[in-house]
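Student: Dumping the structure here so I can ask a few things about it.
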Amino acid sequence: MFKPDQMQPFFTLLVSDPPHLNPQPTPSDYCSGKGRWFVAGMWCLFLLIVAVGSGLGSGFVGGARGAGKWALNVATAMPLSVTTAPVVGGLGVETERLDKALPWGTSIEEERELLYMPMLEEQLRVMKELGMEQVDVDDQFTFRKSEIKSKKARIGNMCFKSDIFRNVRMTYFDAGNNVQVYNSLWYPSYEYDLPLLGIDLISLGLNRVLTVVDFQPLHPTEEYSSKYIDQLASIRDQYSGLQGTLSGKIYDDTSFFSKQMLFGRYTDEAHVGSEVAPAFKEYLKAYTELAGAAEPNKDAAAMAVVKERQCAYDVYSAAKDPAVGLFDAYFGKEWSRNFVHKYLFTLCGEEEEVPKAHNFSISDTGSVSIGAGGKSSHS
């Protein structure tokens, strides 16, 4: 591939006349041998730019939408990552927009690694192999930064769909050393009574690390578990640090959680690479294989039952998800409420405000305090 500073001599060669021709053909020359050199050169230049644009533009899951890593500035035929200003006439995309698009390369704090970004990227790779289609997300939820100086943070979101899944949403929350969160939820289409795949990976202040990955059942019965979930035992048994159980202080109803849930609490991030990442990858593989073998049931009554159970899940999760209070603290209650009802749990409705399972507060230094029932304790 040519570098930008190497391309100019090549372009000059394409459009320059051979030495024996006049430097600037006259209008009548375009029908002569002289003109054909000039016209051919311009066509070569045009085709080269188109070819380069097509190759770079297809190198990312969302590249065709103009927000991928390899989007081109069509006015300069250079990657937008080196463009510092929008192109006149709206033909380009601002660099800032590329910085917002997931996956991110660096944290909002330069020295901090994006702890869970490798897992987001692994999921993107799997979904690309499955041929999933990226779905537009409302601009207010695609990307947001905290507007409070002491609460330096950002959140990015993506959604996908396929024939089997009506919605797969992905969220990354980055507040440097204070907070790293990766959350994803896979909603099967109503023709499938498959469990939901729920992923919650959370690190607060480097010393409070929570992992939850589960095939979340539509029905809390042994028959349902035997059909879809029990086979995970052989994977879960390999990871001793992820065999915990949920606390009743957060979730008083565990009907949407399985006995094979990966659940772990750590006091540092050392186990994320050695235990959380490989376990996540194995559960993701098992889930996509389960979904790929599933048979659709288009009976209206059966589909209604699946929708009702997914709706019940959304209602319960909107009230109990501990991250809701975190969104309030960083981005304000109005945005947080819209985010919960219009992006995270769209089947829950918004007739009344749901109580939060946790209250969060952010200190002047940005450290996170978390507590239940209005009482806070530092993480």
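Student: Amide H to amide H under 5 Å from PHE165: which residues, 5+ apart in sequence or cross-chain, H placed 1.01 Å off N in plane?
Tutor: It is SER189, by chain and number.
Student: Provide the per-residue ³J(HN,Hα) series for segment 196-201, in order, calculated from phi with Karplus coefficients 6.51, -1.76, 1.60 and θ = phi - 60°, each as a whole number of Hz, with x at glycine and proline positions.
Tutor: 7, 9, x, 10, 9, 10
Student: Separate question: How large is ³J(HN,Hα), in whole Hz, for each residue of segment 183-190 in order, when computed from phi with the Karplus curve 6.51 cos²θ - 1.76 cosθ + 1.60 and θ = phi - 60°, using x for Gly and Pro?
Tutor: With coefficients 6.51, -1.76 and 1.60, one gets 10, 8, 9, 9, 9, x, 5, 5 Hz.
Student: Under a Cβ-only charge scheme (Lys and Arg +1, Asp and Glu -1), can you give me the dipole magnitude of segment 102-378 about the Cα centre, in debye to the nearest 20? Kindly include the intermediate steps, with their values, before the conclusion.
Tutor: On the way: 29 positive and 41 negative charges, 110 e Å.
It comes to approximately 520 debye.
Student: Skipping prolines and chain starts, which residues have an amide H placed within reach, meaning under 5 Å, of the one on GLN243, given they are 5 or more residues away or on another chain?
Tutor: Placed amide hydrogens put PHE263 under 5 Å from GLN243.
Student: With point charges of +1 on the Cβ of Lys and Arg and -1 on the Cβ of Asp and Glu, referenced to the Cα centre of segment 273-352, which listed residue (PHE345, PRO296, GLY325) lies farthest in the positive direction of the dipole?
Tutor: PRO296
Student: Using only C-alpha atoms and all pairs of different ones, pull out the Kirkwood radius for segment 102-378 in Å with one decimal.
Tutor: Numbers: mean 1/r = 0.0521 Å⁻¹.
In segment 102-378 this quantity evaluates to 19.2 Å.
Read the figures in this text as sums done on the coordinates, not as results from a lab. As the structure is a computational prediction, the values presented were derived from the model and not from experiment. Note: ideal-geometry Cβ built from the backbone for every residue, glycine included; neighbour counts use all protein chains shown.
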